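Just so it is clear, none of the values below were taken in a lab; they were calculated from the coordinates. A quick note: this is a predicted structure, and the numbers were derived from the prediction, not measured. Note that each Cβ is placed from the backbone with ideal geometry, even for glycine, and that neighbours are counted across all protein chains shown.
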């Protein structure tokens, strides 16, 4: 099966799990090749909005043949998606992106950090690491998730997978502040960090990784057009020169969205 293809899939179910946050399940054999950290492009039915919306894969069930997509209603496209119900069909492009390097976690202390809508793709990552065979499993899994307030979507599921710490902007749950504040307050150490969230958070993660001597792999959030690397609309600055363009750029949709933090100019 091609790794990237546009297909029509059926909606299994959809529900609201927090204010403005939707949990969408799609029936598709793309579940057979999906990996934590990858994403799909979902096409709105409204022909006035031609481009697919890139949304991270929260999880997948290979036996059932389904993808789980948890997203925030942020514009006309995602507002349309929120109206989908069981039995509806939708066009998607997938699977896209490189995903997290799971092999780096073998026998290591792992720290998973997420913020805002960067939280959902980390649930699939935590599950995959938790289910790793004994010789490939991480030594331990600690998770720090950041939210605006007490609407801590997916937190109960994270709690079943390892030690979870929460940071909230308003201090309603856990540490008052951001995810790095929570890491310092709880003196969290790790060998490998996986993270996804807004750029200011990722800069903090990269700095914290250096501080504790950890290796960090971060998933960048960016607006995208084509999703397959053709339009060059989602460029990030890198320390290494691209062998094709000979400039210090990388395409988030194809070279990423997951990068070694040491390779980026953050």
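Figures for the structure shown
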read-out: At R0 = 22 Å, FRET efficiency that the Cβ-Cβ distance of residue 173 and residue 86 yields, to 0.05; value: 0.10
read-out: Candidates 50, 26, 122: whichever shows maximal mean-square fluctuation once the chain is modelled as a Gaussian network with Cα springs under 10 Å; value: 50
read-out: Cβ-Cβ FRET estimate between residue 46 and residue 148, R0 fixed at 25 Å, reported to 0.05; value: 0.30
read-out: Computed over the chain: relative contact order in percent, which uses C-alpha pairs under 8 Å that are six or more apart; value: 17 percent
read-out: Extension reserve of the residue 203-residue 184 stretch, reckoned as 0.36 nm per residue once the Cα distance is removed; value: 5.3 nm
read-out: Residue exposure sequence - 199, 143 - by fewest surrounding Cβ within 10 Å; value: 199, 143
read-out: Rule-of-thumb Rg ratio for the chain [Cα; 2.2 N^0.38 Å; N residues]; value: 0.97
read-out: Extension gain from residue 159 to residue 32, taking 0.36 nm per residue of separation minus the Cα-Cα distance; value: 43.1 nm
read-out: Cβ crowding within 10 Å averaged over residues, with 126-132, 10-16 ranked highest first; value: 126-132, 10-16
read-out: Per principal axis, descending, Cα span of segment 102-221 in whole Å; value: 41, 29, 27
read-out: Potential extension, residue 64-residue 4 segment - 0.36 nm per residue separation minus Cα distance; value: 19.6 nm
read-out: Fewest-first sequence of 150, 66 by Cβ atoms within 10 Å of each Cβ; value: 150, 66
read-out: Cα extents of segment 5-96 along the three principal axes, largest first (Å); value: 32, 28, 26
read-out: C-alpha center-to-center spacing [segment 1-77, segment 193-211] in angstrom; value: 26 Å
